[in-house]
Amino acid sequence: MKDGLFFTNMENVDKEEVVRTKAIVEFFTFASEYCIFIDKMEQNELSDTYAFLQKMLPVLYLKGALLPNVEVDDNSANERFVTEEEYETTRYRLAEFLGDNDFFAAVDLNGDTMDSSPISLSELLSDIYTDLKDFLLLYSKESLSAKENAVASAYYNFYDNWGMRLALALPQIHLLQSKVVLDDSANGE
């Protein structure tokens, strides 16, 4: 049975159809938009970056939560593409771009214990970027097996990694964007 956004009963659905659902296509679209923006962030003002992230992060969270749990027939097609060096380059670029706004205080609930040490926004955004970029590159391959693995990895990583990181980043993005909006209002803009 197909529901408008996702399959509610995956048993009688063709595998090819599963990896092309509306939920996955929309996730691909927004993941692509996020990665392109991060790749070109230096071309934007910091305030535009906050505004973009304030809108994009909740959408990505919703789209991630709507991904189906796809059963993978061939794990050998699963690949990661973003190297540690590329991750560090992205994280460094984000840290430089965010400047003094990179670190913030929050409680990190990701793990067995609560941690209240400073959190790096650039690290959170880079973790999200890495998982989404890996999904995009694997899903773009022609084979059904690659697409299955891409969706299965995105689904698993949403719950294990980038979903929580996104949830940790959003309050800080909201705070930074609120300061911009309130400062603009106070200055009569």
### Message
Which residue fluctuates most in the GNM of the chain (Cα springs below 10 Å): Q172, Q43, Q54?
### Response
Q43
### Task
Provide D100, D184, D131 in ascending order of the number of other Cβ atoms located within 10 Å of each residue's Cβ, fewest first.
D100, D184, D131
#### Entry: Computed label-point distance, nm, for sites L182 and N44 using a 7 Å Cα→Cβ extension
2.2
### Query
Taking +1 at the Cβ of each Lys and Arg and -1 at the Cβ of each Asp and Glu, which of Y34, A23, N69 sits farthest along the dipole of segment 15-186 towards its positive end, judged by Cα position relative to the Cα centre?
A23
### Message
Can you give me the angle between helix 121-139 and the longest principal axis of the chain, using Cα atoms only, in degrees from 0 to 90, rounded to the nearest 10?
### Response
20
### Message
I need the GluC sites (Glu not before Pro) found in segment 57-165, filtered to DSSP loop residues with at most 13 other beta carbons within 10 Å of theirs.
### Response
E71, E79, E142
### Task
Run the numbers on segment 15-186 and let me know its relative contact order in percent, using alpha-carbon pairs under 8 Å that are six or more apart.
32
### Task
Compute the Rg to Rh ratio over segment 84-189 from the alpha carbon atoms, using the Kirkwood formula for Rh, and round to two decimal places.
1.07
#### Entry: Per residue convex hull volume, Cα atoms of the chain, in Å³
137
### Task
Report the paramagnetic label zone for K22: residues of segment 140-180 whose backbone N is under 17 Å from a point 7 Å from Cα along the Cα-to-Cβ axis.
none
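No lab work stands behind these numbers, since they all come straight from the coordinates. Remember, it's a predicted structure, so these values are computed and weren't measured experimentally. With ideal geometry, Cβ positions are generated from the backbone for all residues, glycine too; neighbour counts draw on all protein chains shown.
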